[in-house]
1. How do E151, E78, E23 rank by accessible surface area computed with a 1.4 Å probe, from largest to smallest?
2. Which trypsin sites (Lys or Arg not before Pro) does region 64-166 hold that lie in a coil by DSSP with at most 10 other beta carbons within 10 Å?
3. Counting only heavy atoms of protein chains, what accessible area per residue, in Å², does the chain have with a probe of 1.4 Å?
4. Expressed as a rounded percentage, what relative contact order does region 50-166 have, with Cα pairs under 8 Å and six or more residues apart?
5. How large is the helix-only mean residue ellipticity at 222 nm for the chain, computed as the sum of -39500 (n - 2.57) over DSSP H runs with n ≥ 4, divided by its residue count, in deg cm²/dmol to the nearest 500?
6. For Kirkwood radius over Cα pairs in Å, which listed value, (i) 16.4; (ii) 15.8; (iii) 17.2, comes from the coordinates shown?
7. Distance cut-off 31 Å, Cα to Cα: go down the list K77/K133; K77/K101; K53/K147; K101/K147 and report the pairs above it.
Amino acid sequence: INVSVFQLLRPDFTSWLFELITEMQVNPENICLEITESVFASDYERINYIIVKLRDYGLHIAIDDFGTGYSSLAREKELKVDCLKIDKYFVDKLLDTDPNKAITNDIISMAHKLGHSVTAEGIEHEGQLQYLKEHGCDRIQGNLISKPLDEEEAFEFLTSVISDLG
């Protein structure tokens, strides 16, 4: 779930979200909140306090679009997030850059050293997938796996994937 810094900083955000999760009977461990990299330019200590509160509730927190905006390695190390999502920009660069010169693997390595999992966005080609697998990327998103789906299509897609595995 994408959450803006403005939403995150609303005084009633966490209580509203926790009530909604309870009302909808969703396991918080099945939810990942994605916060854009602009979090680095905001009230850092307050945001970190909120992130800890959300994680204590069981939610996963990811920094979305990592690497293209306000990134600060010093701040990133201190943020209590679970995951960094590599921006599509770096994934697209894998198509026209010598793989030995791409920095995507460095981002993956750095994130792992900081204790985060890594998700790469915008995977559209098999070559991108292979590169990310070879360099230990934890998860991927993109049209190579599936185009965006509505609720019914998503249910059908997941059902077919599960039956293929079983």
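1. Ranked list, largest accessible area first: E151, E23, E78.
2. Passing both the DSSP loop test and the Cβ count: K101.
3. 60 Å²
4. Rounded, it is 20 percent for region 50-166.
5. One gets -13000 deg cm²/dmol as the mean residue ellipticity at 222 nm.
6. Working out Kirkwood radius over Cα pairs in Å from the coordinates points to (iii).
7. K53/K147
The values are calculated or read from the model by the stated rules, or taken from the named source; none is laboratory data. Here the structure is a predicted model, which is why all the values come from computation and not from measurement. Here Cβ is always computed from backbone atoms with ideal geometry, including for glycine, and neighbour counts include all displayed protein chains. Ligands, DNA and RNA are stripped out before the accessible areas are found, and what is left, the full protein with its side chains, is counted by its heavy atoms. Shrake-Rupley method; radii C 1.70, N 1.55, O 1.52, S 1.80 Å.
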